[in-house]
Amino acid sequence: MLVGPEGMAGLVVPTGIATDKTTSAFFSDLVERRQLSTVLDLENEEKLFADVHNQYRFCLFTFGGSACEYERVRLAFRARRPDQLDAREFTLDAEGFRRINPNSRTAPVCESPEHLRVLEDVHLRTPVLWDKSVGATEANPWSLRFQAMFHMSGDSDRFLTSGHLRAEG
């Protein structure tokens, strides 16, 4: 348990907690349980944290305990100063996260509510490239096939060595 049932926690953590594959299970669990309140992303361009590299991104990450319920998550991305957050803010519910990122259930990095509207419109009109959250028949609406070209680890017999080249040359 991270916080008491009726408690709330606010952390300053790397933005990857909301956007990276490695933390997607934790993030999506908070969203599905409706315990996530806010993800407010800031770039350190204006050196809010003087000893941290200027391209480092961090977020104000707020969530509640098991008795708390937040129907929608407040999000904002790529602000350089706290006073820029309001203009960039948008909200999503659990279904919105599932619709936009069905495989990872991570947060879409939108820079404004308009950016989110465009992204949602694209997802309404176009199926996901490869949806791992549905059955096999619906998963690949584009009929994609993936294949590898050559890999030294598995195809080393197909490559010539410098010794071969000298012998033939």
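Under a 1.4 Å probe, what is the accessible area of the stretch 101-169 per residue, stated in Å²?
Per-residue accessible area for the stretch 101-169 comes out at 79 Å².
Return a whole-number percent for the relative contact order of the chain, with Cα pairs under 8 Å and 6 or more residues apart as the contact set. Mind showing how you got there, number by number?
Details: 256 pairs, mean separation 33.1, N = 169.
Over the chain, the number comes to 20 percent.
Summing +1 for each Lys or Arg and -1 for each Asp or Glu among the other residues whose beta-carbon sits under 15 angstrom from that of Pro5 gives 0. Computed from label points 7 Å out along Cα-Cβ, the spacing between Leu160 and Ser112 is 5.6 nm. Protein-only accessible surface at a 1.4 angstrom probe places the residues Thr91, Thr15 in the order Thr91, Thr15, largest first.
Taking the Cα centre of the chain as origin and assigning +1 to Lys and Arg Cβ atoms and -1 to Asp and Glu Cβ atoms, the resulting dipole is close to 300 debye.
Determine the shape class of the stretch 41-169: with a ≥ b ≥ c the square roots of the Cα gyration tensor eigenvalues, call it rounded for a/c under 1.5, and otherwise prolate if a/b is greater than b/c, oblate otherwise. The shape class here is oblate.
If you stretched the chain out fully between Met8 and Leu144, how much longer would it get, using 0.36 nm times the residue separation minus the C-alpha to C-alpha distance? Show your work: numbers first, answer last.
Details: separation 136, 0.36 × 136 = 48.96 nm, distance 4.39 nm.
That works out to 44.6 nm of additional length.
The stretch 19-67 and the stretch 96-120 have their alpha-carbon centroids 15 Å apart.
Accessible-area rank, largest first, for Tyr56, Tyr70: Tyr56, Tyr70, with all protein chains present and a 1.4 angstrom probe.
Once the Cα atoms are used to define both axes, helix 113-125 deviates from the longest principal axis of the chain by about 50 degrees. Rolled with a 1.4 Å probe across the full set of protein chains, the surface gives Met149 an accessible area near 150 Å². Dipole of the chain (Lys/Arg Cβ +1, Asp/Glu Cβ -1, origin at the Cα centre): which of Leu48, Trp142, Leu119 lies farthest to the positive side? So the residue furthest toward the plus end is Trp142.
Note down the net charge around Phe150, summing +1 for each Lys or Arg and -1 for each Asp or Glu among other residues with Cβ under 11 Å from its Cβ. Could you put the intermediate results ahead of the total?
Values: positive: Arg158; negative: Asp155, Asp157.
Local net charge: -1.
Positive contributions from Lys and Arg (+1) and negative ones from Asp and Glu (-1), summed over other residues with Cβ under 9 Å from the Cβ of Arg88, come out at -3. Assuming R0 = 25 Å, can you tell me the calculated FRET efficiency for the pair Asp29 and Tyr56, based on Cβ-Cβ distance, to the nearest 0.05? Plugging the Cβ-Cβ distance into 1/(1 + (r/R0)^6) gives 0.45. Of the residues Val109, Val128, Thr161, the one whose Cα sits farthest toward the positive end of the charge dipole of the stretch 71-169, with +1 on the Cβ of Lys and Arg and -1 on the Cβ of Asp and Glu, is Thr161.
The values are calculated or read from the model by the stated rules, or taken from the named source; none is laboratory data. Worth saying up front: this structure is predicted, and the values here are computed from it rather than measured. Neighbour counts run over all protein chains shown; Cβ positions are idealised from the backbone, glycine included. Keep in mind that these areas ignore ligands, DNA and RNA; they rest on the heavy atoms of the full protein, side chains included. Shrake-Rupley method; radii C 1.70, N 1.55, O 1.52, S 1.80 Å.
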